[in-house]
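Here's the structure, in C-alpha cells; my notes come after.
All of the numbers you see were taken from the coordinates with simple rules; none came from a lab. Small disclaimer: the values here were computed from a predicted structure and weren't measured. Cβ coordinates were reconstructed from backbone atoms using ideal geometry, including for glycine residues, and neighbour counts include every protein chain displayed.
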Amino acid sequence: MYDWRKMKESDRRRVLELRRARSLPWHSPPHLDFQVSRQYLVSSSCYEHVPVIGKDPERMTVCESEVLRICDSFASRIYAWCILPNHYHLFLKTERIKELRGKLGQFHGRSSFEWNLADNRRGRKVWYNCFEKPMRSERHFWATLNYVHHNPVHHGYVRRWSDWPWSSARQYLEEVGPEEAKRIWLNYPILDYGKKWDI
C-alpha cells in the first residue's frame, strides 16, 4: 500500500516527477457559483477498502489521470479532487451527473480488468460503490472543499495537504494563498464530515 511517510527520498522524487510530467492544470479556482442542483461531491471506494488503487505510484497516477479526463468531458468545473490508495473524491459542477457516473462506472470496469490481470487476481472485486452528494448550502460547499483537500491528512498518509501528489490541494493553495486557505479552513470546519462512510 502506498505510504508517503515511509518512502525513501528517492521514491518521493520519482512520484513528484510523475506528477510534474503530467502537467496537470488547475481546473478551476474555487469561485462560488452556487446552484445546489449542479454541484456534487462524487466519491468512490475500492471493495472493502482494499488499497488496490495504491499498489504503486504509477497506478495512482493512472487513476487520477483517467478520472480527471472523464470529469473534463462532463463537468463544467472541477473544484477539488483527491485520489487515495482505496478511494477517491471529486468535487465538481455538472449538469450531466448521470452521464459522468456512467463513464466513471466504465472506467471502474476497465481498470478492474486491467489491475486484476496485472496483479494476477482474476475475478477480484475491485470497486464497491460510486455516489454523489449534492451541495446544500454555501457552508456545505466550503466544508466539502476543505474535506477533499484534508483527506490524505485525515487518513494519515501525509502531515500537510501540499505533500500529497494526487490532489488539487497544492494548486488550490497556490491559487488562494495560505492566509485565505487558513481563513476558509477556520470558517468552514469539516467537523465529522464523512465520518460514517469515509473509512
Practice task
Tabulate in residue order the Karplus-calculated ³J(HN,Hα) for the stretch 93-108, using 6.51 cos²θ - 1.76 cosθ + 1.60 with θ = phi - 60°, rounded to whole Hz; enter x for Gly and Pro.
Solution key: 10, 7, 9, 10, 4, 5, 5, 4, 5, x, 5, 5, x, 5, 4, 4
Exercise for the section: Compute the semi-axes of the equivalent ellipsoid of the stretch 98-198, taking the square root of 5 times each eigenvalue of the Cα gyration tensor, and list them largest first in whole Å. Expected result: 31, 17, 13
Fill in the blank from the handout: Here the stretch 76-82 yields Karplus 3J(HN,Hα) values (6.51, -1.76, 1.60; θ = phi - 60°; whole Hz; Gly and Pro given as x) of 7, 8, 10, 7, 6, 8, 7
Handout entry: Sequence-distant residues sharing a close amide H with Leu84 (under 5 Å, placed H)
Key = His89
Handout entry: Part-to-part distance (alpha-carbon centres) for the stretch 62-108 and the stretch 117-142, which is given in Å
Key = 9
Exercise for the section: Between Lys55 and His154, with labels modelled 7 Å along Cα→Cβ, what's the label distance in nm to one decimal, could you check? Expected result: 2.7
Practice task
Could you sort 171-180, 67-76, 83-92 so that the peptide with the highest average Cβ count within 10 Å comes first and the rest follow in order?
Solution key: 83-92, 67-76, 171-180
Handout entry: Dimensions in Å of the stretch 4-187 - Rg and Dmax from alpha carbons
Key = 16.1, 49
Problem - Sequence-separation-based contact order of the stretch 4-187, relative, with Cα cut under 8 Å and 6+ spacing, percent - result: 29
